Amino acid sequence: MTDTIDTSIATPSYSVTQERRIVTAIPGPKSEELHRRRLAVVPRGVSSALPVYIAKANGAILVDVDGNQFIDLGAGIGVTTVGHTEKAVVDAAAGQLQDVIHTLFTITPYEEYVRVAELLAEHTPGDFEKRTVLVNSGAEAVENGVKIARKHTGRNGVAVLEHAYHGRTNLTMAMNFKAAPYSTGFGPFAGDVYRAPNSYPYHDGLSGTEAAARTINYLEKTVGAADLACLVVEPIQGEGGFVVPAEGFLPALQEWCTAQGIVFIADEIQSGMARTGAYFASEHFGLVPDMVLSAKGIAGGLPLAGVTGRAEIMDAAQPGGLGGTFGGNPVAAAAAIAVFEQIEAGSLLAEAKRIEQTLYAGLLELQAKYDIIGEVRGIGAMVAIELVEPGTASTTKTPNAEAVNAIVAFAAQRGVLVLTAGTYGNVLRFLPSLAVSDALLADALSVLDEAFASLGA
Ligand code: PLZ
């Protein structure tokens with residue numbers, strides 16, 4: 001009879017079939033009804049990229065309230081890196097819910113917080129003594145990183161790079177490159193933040209050494225190294241459009257920071273936790289940051305973030321100087337421990353490399369067909385394409401946000417969720433969970449092919 005191949009050992013079992021399936025208009029009637037309710041009670045400032053309401057999620061698939069299934073190429077902006085509702089994470093969190101949900105680590109501590117700190121010490125770059133403070137969100141990690149760097153150095157200045165994104169709190173709004181929609185009208189903003197040129201090889205054509213010299217010169221002239229507490233960089237910029245700096249750029253910046261007593265902080269909130277095929281993207285550039293910020297993918301979808309740094313820097317903060325009610329919550333911490341275990345058990349660093357190969361090959365094929373794809377870039381499961389106006393891919397590279405929006409809308413109608421990025425909104429970014437199969441990626445790429453064809457590009 002028919003051949004049945006038992007893949008149950010090699011293939012994880014999913015509670016949702018790993019396929020795209022569209023059964024209603026998008027959004028469907030139940031989503032539309034929920035959207036009406038939402039508009040009456042949620043402010044418009046909180047918008048949604050695709051107003052389909054999700055009822056279930058598993059692996060790389062989102063299921064909406066109307067029964068439509070989407071291939072999720074965004075993973076909640078790089079959060080469900082181990083897969084949606086990954087079993088080890090669910091079990092760990094559920095077990096922890098039975099034992100202790102909250103005590104407040106700064107009142108009566110618990111082991112899970114300590115274990116996450118041990119795991120971060122082990123897996124962040126650098127073989128030296130480290131300390132970790134756990135908080136609730138990426139922005140809070142950035143705030144704490146800056147706070148500690150200031151205390152350690154006794155200096156105020158915070159340097160950031162063009163096209164950076166660091167959060168939505170008052171300090172982090174000041175650190176973002178892009179004003180709209182993040183900070184428009186929300187001032188006054190925190191002071192002592194200085195923005196320097198980054199390395200953006202597709203646009204500036206500079207080598208890493210040249211770009212670093214430009215950045216350092218800019219900071220020395222406009223602030224002066226002696227007034228800088230820290231330089232905060234995303235090794236691969238996230239919201240900025242998965243900008244991979246030219247080789248040598250980041251190491252040169254780090255060298256300058258070290259020489260000048262400036263704390264070098266890697267914001268690995270989007271690029272960390274196995275996403276790029278290394279625990280932290282810093283490793284690809286040979287960086288050993290003084291401080292590494294992690295969040296998003298660290299706890300499989302539960303809110304948790306960490307600031308991990310050299311012991312002597314971290315211990316500059318006085319007892320009682322760091323904390324917060326929910327920081328390092330036991331359930332989120334238990335989930336994070338399971339995420340670290342799953343990265344090993346599921347060989348997720350290798351999975352990220354597999355995804356890179358599949359995505360790159362597929363996207364390069366599309367680039368050969370459609371000249372509005374100016375560049376394919378990224379590392380691991382953090383890959384993007386930058387879209388430009390027809391005929392400008394190697395000349396003016398004029399941003400084409402309109403095409404990005406059309407493609408996102410087309411893909412959504414066919415059950416593929418793709419996220420945008422870039423200061424000019426002209427980047428399509430792919431950051432699927434590492435559980436996504438090559439078959440799902442191939443299916444999603446074929447939808448993208450149709451989407452580009454529909455533009456007549
Ligand atoms: N640093 C590098 O990518 C979050 C923003 C989503 P929070 N990026 C997604 C949105 O529209 O609010 C991010 C990041 C980098 C810091 C942050 C901030 O992390 O957990 O959103 O506060």
Region 65-78, residues that are open to solvent by less than 20 Å² (accessible area, probe 1.4 Å) and within 20 Å of Ile355 (Cα to Cα): Phe70, Ile71, Asp72, Leu73, Gly74, Ala75, Gly78
Being at pLDDT 95 or above, within 14 Å of the ligand (Cβ to nearest atom), more than 20 Å from Pro251 (Cα to Cα) and touching a helix residue (DSSP H, G or I) at 6+ places or on another chain (Cβ under 6 Å), is that true of even one residue in region 227-237? no
Mind counting the residues in region 106-140 that are of a type in the set (Phe, Trp, Tyr) and touching a helix residue (DSSP H, G or I) at 6+ places or on another chain (Cβ under 6 Å)? 2
Contact list, first residue from region 86-111 and closer than 19 Å to Pro303 by Cβ, second anywhere and loosely packed, with under 12 Cβ neighbours inside 10 Å, beta-carbon distance below 7 Å, six or more apart or interchain, is Leu104/Thr325
On the given criteria, is Leu206 outside the structural domain of Ala421 (by TED's automatic domain parsing), more than 24 Å from the chain's Cα centre (by Cα), of a type in the set (A, V, I, L, M, F, W, C) and not in a strand (DSSP E or B)? yes
Search result, residues across region 41-57 that are closer than 28 Å to Leu441 by Cβ, surrounded by fewer than 18 Cβ atoms within 10 Å (Cβ to Cβ) and away from the ligand (no atom under 16 Å from the Cβ): Ile54, Ala55, Lys56
Touching a strand residue (DSSP E or B) at 6+ places or on another chain (Cβ under 9 Å), within 24 Å of Gly224 (Cα to Cα) and away from the ligand (no atom under 16 Å from the Cβ): does that describe Asn144? no
Yes or no: Ala361 under 30 Å from Leu455 (Cα atoms), of a type in the set (A, V, I, L, M) and under 19 Å from the mean Cα position of the chain (by Cα)? no
Is one or more of the residues making up region 339-346 closer than 26 Å to Ile148 by Cβ and in contact with a helix residue (DSSP H, G or I) (Cβ under 8 Å, 6 or more places away or on another chain)? yes
Would you confirm, using the coordinates I've provided, whether Glu220 is outside any strand (DSSP E or B), assigned by TED's automatic domain parsing to the domain that holds Lys151, more than 16 Å from the ligand (Cβ to nearest atom) and of a type in the set (Asp, Glu)? yes
Of those in region 323-370 that are at negative phi and outside any helix (DSSP H, G or I), the residue most open to solvent (accessible area, probe 1.4 Å) is Phe326
Residue pairs meeting the criteria (Cβ under 6 Å; at least 6 apart or on separate chains; first surrounded by 15 or more Cβ atoms within 10 Å (Cβ to Cβ), in region 249-260; second outside any helix (DSSP H, G or I)): Phe249/Ser199; Leu250/Leu287; Pro251/Gly286; Gln254/Phe264; Gln254/Leu287; Cys257/Leu231; Cys257/Phe264
Check region 379-392 and report whether any residue there is of a type in the set (D, E, K, R), buried (at least 21 other Cβ atoms within 10 Å of the Cβ) and at pLDDT 95 or above. yes
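Results for (1) within 30 Å of Leu348 (Cβ to Cβ); (2) open to solvent by 80 Å² or more (accessible area, probe 1.4 Å), shown as yes or no for each residue.
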site: Leu39; (1), (2): no, yes
site: Gly59; (1), (2): yes, no
site: Val63; (1), (2): yes, no
site: Thr80; (1), (2): yes, no
site: Leu97; (1), (2): yes, yes
What single numbered condition from (1) outside any loop (DSSP other than H, G, I, E, B); (2) out of contact with any Leu (no Cβ under 7 Å at 6 or more places or on another chain); (3) farther than 27 Å from Leu219 by Cβ fails to hold for Thr132? (2)
Of everything in region 425-448, what is in contact with a helix residue (DSSP H, G or I) (Cβ under 6 Å, 6 or more places away or on another chain) and open to solvent by 30 Å² or more (accessible area, probe 1.4 Å)? Give them in sequence order. Asp438
Is it the case that Gly167 is assigned to a loop (DSSP other than H, G, I, E, B), within 16 Å of the ligand (Cβ to nearest atom) and surrounded by fewer than 24 Cβ atoms within 10 Å (Cβ to Cβ)? yes
Using beta carbons and a limit of 9 Å, which pairs, at least six apart or on different chains, have the first residue in region 193-208 and under 21 Å from Gly145 (Cα atoms) and the second one assigned to a loop (DSSP other than H, G, I, E, B) and aromatic (Phe, Trp, Tyr)? Arg195/Phe177; Asn198/Phe177
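The values are calculated or read from the model by the stated rules, or taken from the named source; none is laboratory data. Owing to the predicted nature of the structure, the values given are computational and were not obtained by experimental measurement. Note: ideal-geometry Cβ built from the backbone for every residue, glycine included; neighbour counts use all protein chains shown. Protein only, heavy atoms only, side chains kept; ligands, DNA and RNA dropped before computing areas. Shrake-Rupley method; radii C 1.70, N 1.55, O 1.52, S 1.80 Å.
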